[in-house]
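As C-alpha cells, the structure follows; a few thoughts come after it.
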Amino acid sequence: LTEAAVTCERAMELMPEGCQWLEAELRRVHALVAADLAPTELDRAETLFRGAVRCAQDYGFAVLERRCLVSLAQFLDSAGRPDATVEARLGELSHLGDLDRRVARAMQKFSHG
C-alpha cells in the first residue's frame, strides 16, 4: 500500500496538462489507497475522497463524479459517518448507474441495424 500511495502521488505530479479526465479517477484511487494504508486517519481519507468528487464536479464529469461519490459513500458508511448530502447527490446521479449497459445495448442495436 505504501508503494501504491507513492505511485499515486507521483502520477499526480506527472499528469500532463489537458488530461483532466484522468485526475478525478487518480484522486479517487489515491483516496482508496490512503484509507487502507492509514485506517485511523479518517479525516485525511475523507478529505481525499471529497477532493476527488470536487475534481470531477469542477470538470463537469458526472459519470466520474458518481464513481467518486460511490467510493466516498462506501468509505463514510464503513467509518460510521454516513452523509445525507452525498446520498442525495448519488440519488441525483442514479440515472448513470447502468450507463455501461445502456451504451452496450445501444451499440448492439446500432451494429445490427
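Listing for the model above:
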quantity: Solvent-accessible area, 1.4 Å probe, carbon plus sulfur percent, for the chain; calculated: 55
quantity: In degrees, nearest ten, helix 20-37 long axis to first principal axis of the chain (Cα); calculated: 50
quantity: Farthest positive-ward along the chain dipole, Cα basis, beta-carbon charges - from VAL103, ALA24, ALA38; calculated: VAL103
quantity: Between region 64-90 and region 14-60, the Cα center-to-center distance that results, in Å; calculated: 13
quantity: Pairs of Cα atoms farther than 20 Å apart, region 1-60, %; calculated: 22
quantity: Counting all C-alpha pairs of region 1-103, share separated by more than 20 Å (%); calculated: 39
quantity: Within the chain, helix-based [θ] at 222 nm, where runs of 4 or more DSSP H residues each add -39,500 (n - 2.57), nearest 500; calculated: -25500 deg cm²/dmol
quantity: Highest to lowest packing among 54-66, 33-45, scored as the average C-beta count within 10 Å; calculated: 54-66, 33-45
quantity: Dipole magnitude of the chain about its Cα centre (Cβ charges: Lys, Arg +1; Asp, Glu -1), debye to nearest 20; calculated: 540
quantity: Accessible surface, region 46-104, averaged per residue in Å² (probe 1.4 Å); calculated: 56
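The values are calculated or read from the model by the stated rules, or taken from the named source; none is laboratory data. Note that this is a predicted model, so its numbers are computed, not measured. Ideal geometry is used to build each Cβ from the backbone, glycine not excepted, and the neighbour counts take in all protein chains shown. Protein only, heavy atoms only, side chains kept; ligands, DNA and RNA dropped before computing areas. Shrake-Rupley method; radii C 1.70, N 1.55, O 1.52, S 1.80 Å.
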